Amino acid sequence: VAQIFVTLIEKFPEFETTAYVLIGIIGLKMLASVLGFTVSEWVFFACLVVVFVSTFVVHYLKLQKGSNKMA
């Protein structure tokens with residue numbers, strides 16, 4: 001899995017930031033569980049998917065912005 005993520009970072013540099021955000025989200029979920037709060041697995045998974053998909057959106061917006069500057 002780590003090798004796949006490294007390959008994605010090479011193609012999509014924004015994934016480096018995404019990795020930190022995902023680690024933060026996972027850490028917050030763990031902290032919440034220690035404090036007695038439970039987070040639904042569906043909510044947690046949805047958050048991960050939103051962060052992951054938003055990385056692609058940011059990447060393609062940057063590509064479009066770069067191609068508009070060249071035109």
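Write out the chymotrypsin sites (Phe, Trp or Tyr not before Pro) in segment 1-48 meeting two conditions: DSSP loop, and at most 13 other Cβ atoms within 10 Å of their Cβ.
Those that pass, being in a loop and sparsely packed, are Phe37.
Once both axes come from the Cα atoms, what is the angle between helix 41-70 and the longest principal axis of the chain, in degrees from 0 to 90, rounded to 10?
Between helix and principal axis, roughly 10 degrees.
Taking Cα pairs under 8 Å and at least six residues apart, what relative contact order does the chain come out at, in percent?
36
Each residue of segment 28-36 in order: what ³J(HN,Hα) in whole Hz does its phi give by Karplus 6.51 cos²θ - 1.76 cosθ + 1.60, θ = phi - 60°, with x for Gly and Pro?
Values, residue by residue: 5, 5, 5, 5, 4, 5, 5, 7, x Hz.
Using a Gaussian network model of the chain whose springs link C-alpha atoms within less than 10 Å, name the residue from Thr18, Thr38, Thr55 with the highest mean-square fluctuation.
Largest GNM mean-square fluctuation: Thr38.
Starting at 0 and stepping by 10 Å, how many percent of the alpha carbon pairs of the chain end up in each bin?
Percent of Cα pairs in each bin: 18, 39, 27, 12, 3, 0.
Probe radius 1.4 Å, ligands and nucleic acids left out: which of Leu35, Leu48 has the largest accessible area, and how do the rest follow?
Heavy-atom accessible area, descending, gives Leu35, Leu48.
Residue by residue through segment 3-13, what is 3J(HN,Hα) from phi via Karplus (6.51 cos²θ - 1.76 cosθ + 1.60, θ = phi - 60°)? Round to whole Hz and write x for glycine and proline.
5, 5, 5, 5, 4, 5, 5, 5, 7, 10, x
Got a sec? Which residues in segment 45-64 would a label at Met30 touch, if it sits 7 Å along Cα→Cβ and we count backbone N under 18 Å?
Only 45, 48 pass the distance filter.
The values are calculated or read from the model by the stated rules, or taken from the named source; none is laboratory data. Just so it is clear, the structure is predicted and the values come from calculations on it, not from any experiment. Because the Cβ atoms are built from the backbone with ideal geometry, glycine has one as well, and the counts that use them run over all protein chains shown. The protein model used for the area step is the full one, side chains on, heavy atoms only, and it has no ligands, DNA or RNA in it. Shrake-Rupley method; radii C 1.70, N 1.55, O 1.52, S 1.80 Å.
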